[in-house]
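Asker: Got a structure for you, questions after.
The values are calculated or read from the model by the stated rules, or taken from the named source; none is laboratory data. Since we're looking at a predicted model, the values are computed, not measured. All Cβ positions, glycine included, derive from the backbone under ideal geometry; neighbour counts span all protein chains shown.
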Amino acid sequence: MFGYYRVAAAVNTTTVANPAKNAKEILALIKEAHKKEVSVVVFPELTFTGYTASDLFLNQTLLKAQNEALEEILKNITEINTVAVIGMALLEADRLYNCAVIIQQGKILGIVPKSYLPSKKEFYEKRQFVSGRDVVRTTTELLGEEVPFGVDLLFSDGADMTFGVEICEDLWAVTPPSNHMASNGANLLLNLSASNEIIGKHAYREELVRTQSARCMAAYVYSSAGVGESTTDTVYGGHAIISEYGSTLAQNERFCMQSHLITADVDLERLRWLRLNEGSYGDARRKKTRTLKLATLPTLSSLQREIDPFPFVPSEYADKKARCDEIVHIQAHGLIKRMTHAHIQKAVIGISGGLDSTLALLSVHRAFEMMGWHVADIIAVTMPGFGTTSRTKSNAMMLCKALGVTLKEVDITDLSLKEFDAIGHDPAEHTVTYENVQARARTSILMNLANKEGGLVIGTGDLSEIALGWSTYNGDHMSMYALNSGIPKTLIQYVIEYFKSNMKIARIIDDILATPISPELLPHSDDEITQETEEIVGPYELHDFFLYHFIKYGAKPEKIRFLATLAFKDKYDEATIAKWLRLFLRRFFTQQFKRSCMPDGPKVGTISLSPRADWKMPSDADFEAWLDPL
């Protein structure tokens, strides 16, 4: 399943100091997890006895009963390949340790002791337990067997999963053990906890788990003690959380009166490759660890996870105004720095009535307003040609007038005809030469006008077009500052909608958003657009999806296709997706030469194709290895 694993956080109802009764709840949850194709299920801290057993941990009877309960569970899971991580007290060298025991198919794989023991206010673990940080032995005896023991244990399936275990307070420490586990390759972190409920603590706890998953570039599964723990002095709500790289995938409803588990499918392959592609993970110091091999894990028959079809677009829960303000401010401040450094206060921009030039103009206008510059020094140039329709031209002109910028019209028809004549091209032949002559004519006009006016030519091409090479080399490919170069097409649509709050331009923007995407280089038919970009190169929503997964973590083409079929299951069939994915890969490789000399422009999101910073690639790299699997 392309590196996806189903993980679970289980919260069992607890009877304090009754391991046999608790074992029945634990076993039922393990069986439920196995039935749901879960690879690893995590239980709360000191699962067999209850966390609140207090000084009963110092009693031989409780420890004996707990060991018997573990033995009973092991007898009943010999055919279950789901890994269970359960909390128990372990007597070793006349010291008592608060531990996680890792079991699979009736065997104990290893035991990890807790490192940080809280002993303040309502917590007093040092009264019964000692820290496992200074453990000398590498094994210990449990149920008559020698078992790997220590805080240095990791567990791996030999494929994409490597997990490490920490216990409750370990996560709250200044240097959580999970930091070292992650730096040694653990991409799945598990936490058995007994975190009580006080006002507001649940929100902080969720944030802690989520941010730790981000810091460690890992998935994090957290399970805390719940109903049945003693309420003598404090109450436990049974909080369960599953996060992945800074996002919470699943979270339960606390204070549930029945045993239950939550599941989520985590992409561990993606996390491994993100560590290569982002951040300073490789610089993290490694400690000596022991990695133990897991038996074969359950195989997922299907993926139970929503795949976002628009990875560049903020989620529906995001504050749209705040996100769009941030995007426009990044663009505006990038432009302000460039113009002030060059001592220029005029901007020259080609305006077509399309999405890209609309956003560029709106962002330039915002920059001028922020600086108190005269918006009349924004020189917007509409350059109608053979394919320009009255709809796009009218929208461009109305937008410029509403914003108060200087509008110029330069018809490129005669200029293009003279160029055709100069190079001996028949205007009736609507080839790539026919199109590119017009694109270069427009760029030449903008560049020369900028020289005349002492202005800066603003590029309008977006990240999606840069990825596909959908531009004319030294035509719309070139500018003096590529303002949209860090924004893909799907995000441009999202940001433009935000400007509809300005009632003066709301109707114009509605029509621009409804206009088919087109370079308008081929002759129109009865004033209707005949050249629609997405009919030629495919839907931009698909290409943005491909681009994100291809660049973000180097996903294999087969995985990109698989994810796209899930994300767009109601819109495109697999054959259509494969067709456009092949085109994307072919164009991405063959058009690198345009990216190698693209102009400066601001990075906006996590993905950029700037050859100076984010993406370095030979212009003559072969793409056969990427197309073969498709």
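Asker: Go through the stretch 81-97 and report how many residues are farther than 20 Å from Arg137 by Cα and either surrounded by fewer than 21 Cβ atoms within 10 Å (Cβ to Cβ) or outside the structural domain of Tyr222 (by TED's automatic domain parsing) (or both).
Answerer: So the count comes out to 1.
Asker: Need a quick list: strands (runs of 3 or more DSSP E) entirely within the stretch 112-209 having at least 1 residues that are in contact with an Asp or Glu (Cβ under 9 Å, 6 or more places away or on another chain) and over 18 Å from Thr289 (Cα atoms).
Answerer: On the way: elements: 139-142, 145-148, 153-156, 162-167, 188-193.
Fully inside the stretch 112-209 and qualifying: 139-142, 188-193.
Asker: Determine, yes or no, whether Ala9 is touching a helix residue (DSSP H, G or I) at 6+ places or on another chain (Cβ under 6 Å) and either among the aliphatic types (A, V, I, L, M) or crowded, with 16+ Cβ neighbours inside 10 Å (or both).
Answerer: no
Asker: Go over the candidates Ala439, Ala422, Ala428 one by one and state the one that is in the same structural domain as Ala380 (by TED's automatic domain parsing), closer than 30 Å to Phe368 by Cα and either part of a loop (DSSP other than H, G, I, E, B) or at pLDDT 95 or above (or both).
Answerer: Numbers: Ala422 fails: closer than 30 Å to Phe368 by Cα; Ala428 fails: closer than 30 Å to Phe368 by Cα.
Criteria check complete, one pass: Ala439.
Asker: Mind checking which residues of the stretch 182-207 are surrounded by fewer than 17 Cβ atoms within 10 Å (Cβ to Cβ) and in contact with a Gly (Cβ under 6 Å, 6 or more places away or on another chain)?
Answerer: Once the filter is applied, which keeps residues that are surrounded by fewer than 17 Cβ atoms within 10 Å (Cβ to Cβ) and in contact with a Gly (Cβ under 6 Å, 6 or more places away or on another chain), the stretch 182-207 yields nothing.
Asker: List, please: which pairs have Cβ atoms under 6 Å, are six or more places apart or on different chains, and start with a residue in the stretch 425-437 that is under 19 Å from Asp411 (Cα atoms) and end with one that is of a type in the set (Ser, Thr, Tyr)?
Answerer: As it stands, the answer is Asn436/Thr472; Val437/Ser416, since those pairs meet every condition given.
Asker: Give the residue that is nearest to Val85 (Cα to Cα), with candidates limited to residues of the stretch 1-47 that are of a type in the set (A, V, I, L, M, F, W, C) and in a loop (DSSP other than H, G, I, E, B).
Answerer: Phe43
Asker: Further question: In this structure, is Leu521 crowded, with 20+ Cβ neighbours inside 10 Å, out of contact with any Ser or Thr (no Cβ under 8 Å at 6 or more places or on another chain) and not in a helix (DSSP H, G or I)?
Answerer: So Leu521 passes the test.
Asker: Of all residues in the stretch 242-274, how many are surrounded by fewer than 19 Cβ atoms within 10 Å (Cβ to Cβ), under 12 Å from the mean Cα position of the chain (by Cα) and at positive phi?
Answerer: Summing the residues that are surrounded by fewer than 19 Cβ atoms within 10 Å (Cβ to Cβ), under 12 Å from the mean Cα position of the chain (by Cα) and at positive phi in the stretch 242-274 gives 1.
Asker: Condition test on Ser390, is it surrounded by fewer than 22 Cβ atoms within 10 Å (Cβ to Cβ), of a type in the set (Gly, Ala, Ser) and in the same structural domain as Lys337 (by TED's automatic domain parsing)? Outline the logic, then answer.
Answerer: Numbers: surrounded by fewer than 22 Cβ atoms within 10 Å (Cβ to Cβ): yes; of a type in the set (Gly, Ala, Ser): yes; in the same structural domain as Lys337 (by TED's automatic domain parsing): yes.
Yes, satisfied.
Asker: Being more than 38 Å from the chain's Cα centre (by Cα) and modelled with pLDDT of 95 or more is the filter; apply it to the stretch 127-137 and report the residue that is surrounded by the fewest Cβ atoms within 10 Å (Cβ to Cβ).
Answerer: Applying the filter and picking the extreme gives Arg127.
Asker: Of everything in the stretch 552-584, what is surrounded by fewer than 19 Cβ atoms within 10 Å (Cβ to Cβ) and aliphatic (A, V, I, L, M)? Give them in sequence order.
Answerer: Leu566, Ala575, Ala578, Leu583, listed by residue number.
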